[in-house]
1. Which condition breaks for residue A:216 when tested against (1) more than 22 Å from residue B:60 (Cα to Cα); (2) within 12 Å of chain B (Cβ to nearest Cβ); (3) touching a residue at least 60 places away in the same chain (Cβ under 8 Å); (4) part of a loop (DSSP other than H, G, I, E, B)?
2. List every residue pair whose Cβ atoms sit under 9 Å apart, with the two residues 6 or more apart in sequence or on different chains, where the first one lies in the stretch A:273-284 and is without any contact (Cβ under 8 Å) to a residue 24 or more places away in the chain and the second, anywhere, is surrounded by 15 or more Cβ atoms within 10 Å (Cβ to Cβ).
3. Is it the case, given these coordinates, that residue A:245 is over 37 Å from the mean Cα position of the chain (by Cα) and farther than 17 Å from residue B:334 by Cα?
4. Can you tell me which residues in the stretch A:277-311 are under 19 Å from residue B:346 (Cβ atoms), touching a Lys or Arg at 6+ places or on another chain (Cβ under 9 Å) and not hydrophobic (A, V, I, L, M, F, W, C)?
5. Kindly indicate the residue of the stretch B:18-61 that is of a type in the set (Lys, Arg) and within 12 Å of chain A (Cβ to nearest Cβ) and also surrounded by the most Cβ atoms within 10 Å (Cβ to Cβ) among those meeting that condition.
6. What are the pairs, 6+ residues apart or on separate chains, where a residue within the stretch B:290-305 that is free of Cβ contacts under 8 Å to residues at least 40 places away in the same chain and in a helix (DSSP H, G or I) has its Cβ under 6 Å from a residue that is crowded, with 17+ Cβ neighbours inside 10 Å and among the hydroxyl-bearing types (Ser, Thr, Tyr)?
7. Across the stretch A:155-193, what is the number of residues that are at the interface with chain B (Cβ under 10 Å from one of its Cβ atoms) and without any contact (Cβ under 8 Å) to a residue 40 or more places away in the chain?
8. Scanning the stretch A:1-43 for residues that are hydroxyl-bearing (Ser, Thr, Tyr) and either in contact with a helix residue (DSSP H, G or I) (Cβ under 8 Å, 6 or more places away or on another chain) or assigned to a helix (DSSP H, G or I) (or both), which turns out modelled with the lowest pLDDT?
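The values are calculated or read from the model by the stated rules, or taken from the named source; none is laboratory data. The shown structure was predicted, so the numbers you read here are calculated from the model rather than taken from an experiment. All Cβ positions, glycine included, derive from the backbone under ideal geometry; neighbour counts span all protein chains shown.
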Amino acid sequence: MSAPPEVPSSLFDHQLLFVTGKGGVGKTTIAAALAQLGAQQGKRVLACDIDATGGLGAMFEAGPIGFVPSVVAPGVSVMSMDTEASLREYLKVNLRVPLVGWIGPLAKTFDFVATAAPGVREILTVGKLCYEVRERHFDLVVADAPASGHVVGQLGAPQAINDLVKVGQIRSQTDWMIELLSDPARTGVIPVTTPEEMPVTETLELTERIARETSASVVAVVVNRVLPELFSTREEEVFEALRSPAVAASISVALGGEVAPVLEAARLAVNLRRAGASDLRRLHEQLEASVPLLLVPYLFTRVGGLRSTRQVASALADELDL
Amino acid sequence: MSALAGARASLDRLLASKEIAIACGPGGVGKTTVAAAAAAMAACHHGGRVLVLTVDPARRLADALGLPGIGNAEYRVPPELFKEAGITPRGELWAAQLDTRAGWDALVERHAPDPTTRREILENPLYRNISSRFVQSHDYIAMERLFEIHSTGDYDLIVVDTPPSRHALDFLDAPQRMAEFFSSRLLRWLTAPARSRMITLASRPFQQVAERVLGTQFLTDIEQFFVLFRSMQAGFVERAEAVVRLLGERRTTFLVVSTLESLPLSEAEAFSEELSRRDLHLGAVVLNRTLPAYLRDPDALATARALEERAEEVAARLETDPAVTAPVLREVAESFINFSLVARREAEQRAELAQAPEVVTTAPVFEHDIASLPGLLALGETIWT
C-alpha cells in the first residue's frame, strides 16, 4: 500500500483533466480538490460540473453556478455544463450567420434532437471543454465528468462523429479535438475509486475501456476514503489479547464502564480496513505500473463543503509531494 | 399510508402484494445488491417465480450472486446454490442483465413494418451508433424490457435495478420522451420529402447551415434514418404509453435505496419527492451500510473517552508492558470516537428524512463484500421484516 507514488510533477501541467468514477466515491470532492491544488500551483483553473447537479459549486461554498464561469476561489472558476448553451455558443462563434428565426425553434426541438441523434450531448460537452482549452482562457480545465461508462462516450464522441461525418466544418473541428484528447501531455483522465470491491473492479474496467475505446490516457487513479491502519502486526496480537473476556472485564472495571462495544468497534474498523486493503492491493497489482495511485484518507470529521475540499486537497498535495 | 391493524409494514408485506418493484437511488449505495437481496428473499419466502433484472452494464449482479455471468436472457439461479446455503426456497429466483444493443435490435425486429425496412434500419450507421454508444437509450430500453418481460406473465415479481442516474428519474421519462420525439414537428420536418422541405422559406437557413456544418452525406444518412425510424412510430408510441401506464399502476412500487451519508441521502430524497410528484408509489426506503447502534451509545462513548485519557494507567493495571499496550488502547479508543461521530451523524440524517414512507428499513455495513447467495440472504434478512 505504501509503494512510493511516482507521480509526474506534470499532473498540473495538463490542460484538461477528466475526473471520473462510479457514483458515490467522492468524485466531485476530488475534482474540487484538484482544482484547488492547481490554483495553488499558480494555474488559472476552470472546474466544470458536467452533471450540473450543483455539487461542485457547493464544494467551494458557492451559490448557483451557471454556464458562464464564475470565480469561486482565488484562481478557481466553476461552470455548470449546459449542452444547449454550448450549442448556441458554438453556432455564434463558428457561423457568422444571423441566428434569428431558427434559433428559437431550435431550442424547443433541441431536447428531441439530443434524445435521438447519436452523441449530440456528448460532443457538445466535450467540445465546450476543448474550446476552453484552445482559447486559453484558463491554464487547466478540470471536468467533474459523469460516472464511468458515460465518460467513455464523451471521450469517444469526437471519434464517433468523425466516423459518421466525412466532410464539412464539424469534421475539421473534431479532428483538432481528437488531437487534444489524444495528447497525454495535455489531456488526462483521473478515475476516482474507494477501496471497495465494486468501485475497484469498475475502475479497472474503466481504465481498460479508456485504453481500448478512446485515445485518452489515464494519468493517475485516486483512491478516496482509505481507512486508517489501526495496528501493526505486533499491535494486532496485543489487541486480540485485549479482546479476551477476562482482559476486557478488567479494563471495564478499571474504567468503571463497559468496554466491550469500544473493543468491538475497533474490531469492525480493523475488518473494514482489511477488506479495503485487499481491494487496494488488487488495484495496485492490476493497474498499469506507470499509473500512480493517490491515496486520500477517510475524513471522519466532515463531508462536503470548502472545509473538506481543503482537507482533501492537502492530502492530495502530500501524495503528490507538493 | 396506514398499516393494516395487527401487521407491521415491512418489505416482506410490501413485496407480497406487488408485481414490480423498482429499486432506484443514487449511485454507489449498493442498489444492485439490495435489489438482488430483496428478490432472493421473495423467492425464498413468497414462492413463485421472481426475477431480478439489472440494467447496469457492470457485472455486479452476477458478482453478488456468485455466478460467473448473467446475460440478456433470463437465467435461473441454480437451486443447488440455495441448497448449499442450507435453504429450501419456496419459489424460483431468476436473473437477467440488460443488453442495450440486443434490446434495440429486438425492438426493431418487432416494430419494423417489413423485412427490407428492418434490414435497412439495422444497417444504418446512425442506428448502430444510437444502439451501442448512446447512453440515454439505455434508460428507454430498460423500461421497454421490463414491460416486455412483465407482459409474458412468466413472473410473480420482477425487481428492477435501475441505471445509476444523477438526474433523479430520467429512466421514467424515457418512454414518454421517445413518444414525444416521434410526434415532434422536427421529426416530421426531417422526414418530409426533400423538395417540399427545401422550398419552405423558414427552413432554408437551417438547411444551409446544417450542410456547412455537417456535410451533405451525413444529412442524407440522418434523413434516411429518420424516414426508416418513423415507419415504426405507431408501435413505439403505443408501447411507450403502455410502459408509462404500467409504472403508475398499483402493482408497481418503488424502493429508494441510499446510504446515510449526506450527499447520497439528499439525492435519495430528491428521488422520493419526484416519485410523489408523479403520483408513483414509494413503497420503501432502504438505508444500506449503516453503522451499528452501539457506536451511538453515550455510555460507550464516555468509556472510550476515559480509555483515551487513562490508557497508560489501564495498561499498567493489566500487568502487561504499558509501552506496548497503552498505544493499542489509545488507538482503540480513538477509533471508537471517530466512528461514533460518523454513526451519530448517520442517526441525525435518518431523523431528518423528510418524506418517510411506511417502510424504512436498514441494512448494516458488511465487513466483507457480498459475493454469494448466502451473503445476499444475510443482507436480505436484515431488511425483510
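1. All conditions are met except number (2).
2. A:278/A:195; A:278/A:197
3. When the stated conditions are applied, residue A:245 passes them.
4. Residues satisfying the conditions are A:298, A:301, A:308.
5. If we take residues in the stretch B:18-61 being of a type in the set (Lys, Arg) and within 12 Å of chain A (Cβ to nearest Cβ), then B:31 is surrounded by the most Cβ atoms within 10 Å (Cβ to Cβ).
6. Filtered contacts from the stretch B:290-305: B:301/B:340.
7. 8
8. A:9
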